[in-house]
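Here the structure is laid out as structure tokens; the discussion comes afterwards.
The values are calculated or read from the model by the stated rules, or taken from the named source; none is laboratory data. Keep in mind that what you see is a predicted model, and the values were worked out from it rather than measured. Virtual Cβ from ideal backbone geometry, glycine too; neighbours counted across all protein chains shown. The accessibility values were calculated without ligands, DNA or RNA, using every heavy atom of the protein model including side chains. Shrake-Rupley method; radii C 1.70, N 1.55, O 1.52, S 1.80 Å.
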Amino acid sequence: MAKNDYDLADRLENFAASIILQYSKMPTSYAAQYLAQQLIRSSCSTALNYGEALGAGTLKDQLNKLRITLKELRECLRNLNIQSKAKLLDDEVVNKLRNENDQLIRIVVTIIKNKS
């Protein structure tokens with residue numbers, strides 16, 4: 001794999017870590033905790049599935065893992081949008097996370113298109 005593959009792996013890990021750090025300060029309401037827990041799962045899944053894609057034995061397996069990564073990134077974006085609309089997060093925080101999320105989606109989509 002190329003150096004850029006590992007740069008993306010780092011960005012996905014950093015994205016997941018940023019979410020974990022943010023949500024350690026999250027309010028304790030049921031809705032806030034429910035969405036926070038789901039966002040932590042889906043953000044961590046992006047990094048883990050991308051790691052599996054890097055070690056995939058076949059192109060088909062690699063594309064499958066990349067598509068799962070993309071699906072989880074899109075789930076993260078929907079979750080962040082809901083939290084923003086429900087005013088569970090500060091606008092500055094959510095905008096920063098959504099911006100990184102959007103960039104990661106664009107990168108993964110490009111990778112999938114180039115490999116398909």
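Each residue, LYS25 and VAL93, gets one label point 7 Å from its Cα in the Cβ direction; the gap between the two is 0.6 nm.
For semi-axes √(5λ) of the Cα gyration tensor in Å, the value computed from the atomic coordinates appears in the list [x] 27, 13, 12; [y] 26, 18, 10; [z] 32, 22, 13 under label [x].
Per residue, the solvent-accessible area of the chain (1.4 Å probe, heavy atoms of protein chains only, all protein chains present) comes to 58 Å². Taking 17 Å as the straight-line reach from the Cα of LYS25, the lysines in range (excluding those fewer than 8 positions away in the same chain) are LYS87, LYS96. Here the chain has 54 percent of its accessible surface on carbon and sulfur atoms, given a 1.4 Å probe and all protein chains in place.
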